[in-house]
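S.K.: Shown below is the structure under consideration.
The numbers here are math on the coordinates, done by the rules we state, and not lab data. The shown structure was predicted, so the numbers you read here are calculated from the model rather than taken from an experiment. Backbone-built Cβ (ideal geometry, glycine too); neighbour counts: all protein chains shown.
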Amino acid sequence: MPPPPRNPDHRSPKRPRFPLSPPVPEEEEEEEDDEFSDVSANDVEDRSDESADDEEDDVEVVAVVTVAEAQSRGYLGSSSSIPSSPVKLNSTEILDCPTCLEPLRGPIYQCHNGHITCSPCLPRVYKHCPVCRMPIGDIRCRAMEMVIESSAVPCRYAMYGCKETTLYGDQAHEKVCLYTRCQCPVTNCNYAGGYKEVEAHARLLHSWDVEDLTPFVFNTPQIFSINLARTSRAVFQEEKEGDMIVVQTFKRTNAGLCVTVNHIAPLSLGLPNLSCSIAKLNSFTTLRLGVMVKRIQNVREQEEPSEDFLFIPDYMLIDNHLKMQICVGSEFKYVHI
């Protein structure tokens with residue numbers, strides 16, 4: 001049997017279409033067409049130019065707002081600010097000045113070929129690039145200055161166990177680093193290492209005697225002597241803790257003798273401070289000084305002191321054997337004696 005004929009009016013329902021704008025009456029459409037027909041081509045071009053300028057202005061405003069917002073959120077930093085996440089370098093040598101080989105510091109200058117130098121080197125090279133001999137000193141290398149301000153480098157004592165990182169060129173941490181190198185204070189010994197390593201070295205390899213290394217106990221007065229004809233120092237080591245104390249003398253021509261007391265240790269804030277009483281004993285005269293024990297790392301680099309020393313006049317120095325008394329304790333115990 002053939003299928004029944006299809007009803008042409010039978011159609012599937014469709015989703016109604018909503019106009020984007022309300023319908024405009026035909027009369028208003030004709031009036032709008034008449035208005036646009038009266039506009040000249042030049043007016044259309046002028047209006048298009050104005051609209052293009054408006055769009056450019058809008059883009060510039062958006063860009064400015066975006067940069068300002070990024071700076072406020074910390075995504076962009078100014079040239080004088082340090083980013084919150086500094087760049088880490090594996091070696092500090094790549095940012096050294098190629099002329100003096102010292103850490104670069106602003107202002108940094110470059111020549112037309114891109115070679116750089118630090119400002120202290122400009123008079124040394126007579127404002128001519130040491131690489132290509134082009135004039136240098138008029139162009140600031142702002143990019144390198146920003147790199148210097150935001151570069152973090154490992155401590156120079158990282159190979160000995162220090163985990164700290166500092167901004168490039170900042171030596172504040174290295175001065176107080178717990179892993180700084182110390183020199184053995186015993187005469188004619190060149191051993192260097194961490195202060196605990198130096199203490200262990202002295203205990204094992206140097207004999208405990210008055211000529212080499214003298215043992216002492218905290219808060220116990222002790223008489224000692226220095227043969228000024230043989231040496232200018234006396235070295236002590238605490239029997240239990242191992243702290244090393246150095247009494248050093250500095251001769252002043254036709255004036256007398258300056259005596260200092262130092263502790264072989266780094267300048268780290270985590271270490272305890274020591275104080276001492278140092279006295280020059282004669283038959284009927286005693287000179288005594290209570291002072292904080294200064295921490296040093298190398299006895300050989302010490303110069304004649306300008307403060308915190310006991311001055312012994314010549315009339316109290318009978319021969320080359322300097323007889324004295326010392327007592328070392330913690331903190332400020334012997335400062336006010």
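S.K.: Can you give the Rg/Rh ratio of region 87-176, where Rg is from the C-alpha atoms and Rh is the Kirkwood radius?
M.R.: Checking Rg against Rh, the ratio lands at 1.04.
S.K.: Once the piece of chain linking E211 and L287 is laid out straight, how much longer is it, given 0.36 nm per residue of separation minus the C-alpha distance between them? Kindly include the intermediate steps, with their values, before the conclusion.
M.R.: Numbers: separation 76, 0.36 × 76 = 27.36 nm, distance 2.39 nm.
Roughly 25.0 nm would be gained on extension.
S.K.: If you don't mind, another one. Specify which residue in the list P130, S151, G161 is farthest towards the positive end of the charge dipole of region 87-176, using unit charges on the beta carbon of Lys, Arg (+1) and Asp, Glu (-1), about the Cα centre.
M.R.: Of the listed residues, the answer is P130.
S.K.: For M316, what is the net charge nearby, where nearby means another residue's Cβ is under 14 Å from its Cβ and Lys, Arg count +1, Asp, Glu -1?
M.R.: Values: positive: K251, R252, K280, R288, K323; negative: D314, D319.
Residues close to M316 contribute a combined charge of +3.
S.K.: Based on alpha-carbon atoms only, what is the radius of gyration of region 226-336 relative to the globular estimate 2.2 N^0.38 Å?
M.R.: Computed over Cα atoms of region 226-336, the ratio equals 1.06.
S.K.: On a full-extension model of 0.36 nm per residue, what is the gain between V125 and Y315, subtracting their alpha-carbon distance, rounded to one decimal in nm?
M.R.: Stretched out fully, the V125 to Y315 stretch lengthens by 62.9 nm.
S.K.: What distance in nm separates the two pseudo spin-label positions at I223 and F250, each 7 Å out from Cα along the beta-carbon direction?
M.R.: Distance between label points: 2.9 nm.
S.K.: Just the projected area, averaged over all directions, of the convex hull on the alpha carbon atoms of region 138-211: how many nm²?
M.R.: For region 138-211, averaging the hull's shadow over all directions gives 7.7 nm².
S.K.: Please compute the length gained on full extension between N188 and R140, using 0.36 nm multiplied by the number of residues separating them and subtracting their Cα-Cα distance.
M.R.: Working: separation 48, 0.36 × 48 = 17.28 nm, distance 5.02 nm.
Value of the extension gain: 12.3 nm.
S.K.: Between V176 and Y160, what is the spin-label point distance in nm, taking each point 7 Å from the Cα along the Cα→C-beta axis?
M.R.: 1.8 nm
S.K.: Among the listed pairs K127/K175; K240/K323; K196/K333; K251/K323; K175/K240; K196/K323, give every one whose C-alpha distance is greater than 22 Å.
M.R.: Going by Cα-Cα distance, K127/K175; K240/K323; K196/K333; K175/K240; K196/K323 fall outside the 22 Å limit.
S.K.: Just to confirm my numbers, what's the Cα centroid distance between region 223-263 and region 101-169 in Å?
M.R.: Region 223-263 and region 101-169 have Cα centres spaced 43 Å from each other.
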